[in-house]
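Visitor: Can you read through this structure? Questions will come right after.
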Amino acid sequence: MSLYITLVFLSLHFYNTKPVSITTYNNSALTFNGKIPEGKVAWQSPSNIALVKYWGKKEVQIPCNPSISFTLKESYTETVVEYKPTSDKSKVQFSLDGKINDQFGDKISNYFNSIEPVFPFIKQLDFTIHSKNTFPHSAGIASSASGMSALALCLCSIEKENFNTFDTEDSFFQKASFLARLGSGSAARSLYSGMVSWGTIEGNKETSNLWGTAQNKNIHPDFLTFHDSILIVDAGQKKVSSRIGHGLMNNNPYAETRFKQAQSNIKELLVALKTGNMEKFINITESEALTLHAMMMTSNPYYLLMKPNTLQIIERVFDYRKSTGIPIAFTLDAGPNIHLLYPAKVRSEVSSFIQAELKQFTHQSMIIEDKVGNGPVKLIV
């Protein structure tokens, strides 16, 4: 069986997996009695870039290992949800960047069906959803994280405005993180500012596999000033989706060792973030990026998402850091594009380095500038 056919088969297998009951927030009382309302809610929610990577998952979007990320500021999704009483069966119309997108609309409909036990009022409403991103598709930025977190926030706002069920702001965002996770695992980390973990960290009772947890307490201030220069090596859609990649971890011979490594790395990284140990931060962040791609290369079937220019940039980052001592690190998501991470105080030097040595390896000189952000924002509509 060819690699392509095998991956298509796996994609269909994971896509058709039967839904598993989600009970944490099931609430049959969230049903409209009497007049069914109509209204509009809107949220802006950011993407994030993982430092310790989540790769491999169990049913109902449960991660095989914990992860931690920087929340981004400039790369976000704005989503407006209009709702009204349904005339028959609940319907969803979805537009992305001003254009009707039936494929995404079908995915949102399936997502709504899966979370109906959490929000039984969904079946009583029709939805018109308008979504737009501040960054281009296939740019190495997780649009599923920002998109699903924005949508989850809108649903929680509908609940809050019509049922008045949230006692605290914390409970609102925790439920939104739970719901975002069910649509996209990494979206669980987009509900808070700064540093956010997702997944149970050994010895840390505040963390959970069900939602993200803010990790900004006692973080060294340098890390909260970090910039993220995203170098677009290849703007095309990756050949192997993250959904398939996660599934291939089920039979990866190095999976269990990887999951233990992630537990160790995230605990060490949290110490480095609090003590200001930049060398340790760089070492763990870069090792995590390379380990992620090593898992892809040792899967069966194996695959490679890095490009020759990805390696050219990495080699030059190594040389630049060694010759200058400037604290700059790279990381990668499941694709070829490079995220360069560095504190604000060295921005001028790094910008010069990018222009002089790295820009030549990007696709059409495409570079997206971002930095650590403050989390979601409710929009007035």
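Visitor: Which residue out of Ala187, Ala272 is within 27 Å of Ser348 (Cβ to Cβ) and either in a helix (DSSP H, G or I) or in contact with a His (Cβ under 7 Å, 6 or more places away or on another chain) (or both)?
Guide: Ala272
Visitor: Against the condition surrounded by fewer than 16 Cβ atoms within 10 Å (Cβ to Cβ), at pLDDT below 95 and either closer than 21 Å to Arg181 by Cβ or aromatic (Phe, Trp, Tyr) (or both), how does Asp106 come out, does it pass? Write out each step before concluding.
Guide: Details: surrounded by fewer than 16 Cβ atoms within 10 Å (Cβ to Cβ): yes; at pLDDT below 95: yes; either closer than 21 Å to Arg181 by Cβ or aromatic (Phe, Trp, Tyr) (or both): yes.
Yes, satisfied.
Visitor: Checking the condition touching a helix residue (DSSP H, G or I) at 6+ places or on another chain (Cβ under 9 Å) and without any contact (Cβ under 8 Å) to a residue 40 or more places away in the chain, which residue from Phe172, Phe163 passes? Outline the logic, then answer.
Guide: Numbers: Phe163 fails: without any contact (Cβ under 8 Å) to a residue 40 or more places away in the chain.
On inspection, the qualifying residue turns out to be Phe172.
Visitor: Right, next: Out of the stretch 162-204, which residues are closer than 26 Å to Phe104 by Cα and more than 17 Å from the chain's Cα centre (by Cα)?
Guide: Passing the criteria: only Phe172.
Visitor: Here's something else I'd like to know. What about Leu151, is it over 20 Å from Gly373 (Cβ atoms), in the same structural domain as Gly105 (by TED's automatic domain parsing), out of contact with any Pro (no Cβ under 8 Å at 6 or more places or on another chain) and surrounded by 16 or more Cβ atoms within 10 Å (Cβ to Cβ)?
Guide: no
Visitor: Sort out which residues of the stretch 275-311 are part of a loop (DSSP other than H, G, I, E, B) and either aliphatic (A, V, I, L, M) or closer than 24 Å to Pro327 by Cα (or both), and write them in order of number. Full working, then the answer.
Guide: Residues of the stretch 275-311 that are part of a loop (DSSP other than H, G, I, E, B), as a first pass: 276-277, 298-307.
Answer for the stretch 275-311, where residues must be part of a loop (DSSP other than H, G, I, E, B) and either aliphatic (A, V, I, L, M) or closer than 24 Å to Pro327 by Cα (or both): Gly276, Asn277, Leu304, Leu305, Met306.
Visitor: Here is a list of conditions, (1) closer than 21 Å to His246 by Cβ; (2) aliphatic (A, V, I, L, M); (3) surrounded by fewer than 18 Cβ atoms within 10 Å (Cβ to Cβ), and Met366 meets all of them except one; can you say which number that is?
Guide: (1)
Visitor: I'm checking my understanding of the structure. Among residues of the stretch 45-68 that are of a type in the set (A, V, I, L, M) and under 27 Å from Thr23 (Cα atoms), which one is surrounded by the most Cβ atoms within 10 Å (Cβ to Cβ)?
Guide: Ranking the qualifying residues of the stretch 45-68, first place goes to Ile68.
Visitor: Any idea which residue in the stretch 314-335 is surrounded by the fewest Cβ atoms within 10 Å (Cβ to Cβ), counting only those that are modelled with pLDDT of 95 or more and within 20 Å of the chain's Cα centre (by Cα)?
Guide: Ranking the qualifying residues of the stretch 314-335, first place goes to Ala329.
Visitor: On to the next question. Within the stretch 150-202, count every residue that is of a type in the set (Lys, Arg) and either touching a Lys or Arg at 6+ places or on another chain (Cβ under 8 Å) or within 25 Å of Asn265 (Cβ to Cβ) (or both).
Guide: Going through the stretch 150-202 one residue at a time, the tally reaches 2.
Visitor: Separate question: From the residues in the stretch 337-381 that are in a loop (DSSP other than H, G, I, E, B) and of a type in the set (Val, Ile, Thr), which one is modelled with the lowest pLDDT?
Guide: Val381
Visitor: Given (1) surrounded by 16 or more Cβ atoms within 10 Å (Cβ to Cβ); (2) in a helix (DSSP H, G or I); (3) touching a strand residue (DSSP E or B) at 6+ places or on another chain (Cβ under 8 Å); (4) modelled with pLDDT of 95 or more, identify the lone condition not met by Glu161.
Guide: Looking at each condition in turn, Glu161 falls short on (1).
Visitor: Let me ask you something else. Those residues that are surrounded by fewer than 24 Cβ atoms within 10 Å (Cβ to Cβ) and at negative phi, I need them from the stretch 193-211; list them, please.
Guide: Result: Ser193, Thr200, Ile201, Glu202, Asn204, Lys205, Glu206, Thr207, Ser208, Asn209, Leu210, Trp211.
The values are calculated or read from the model by the stated rules, or taken from the named source; none is laboratory data. Model, not experiment: these values are computed from the prediction. All Cβ positions, glycine included, derive from the backbone under ideal geometry; neighbour counts span all protein chains shown.
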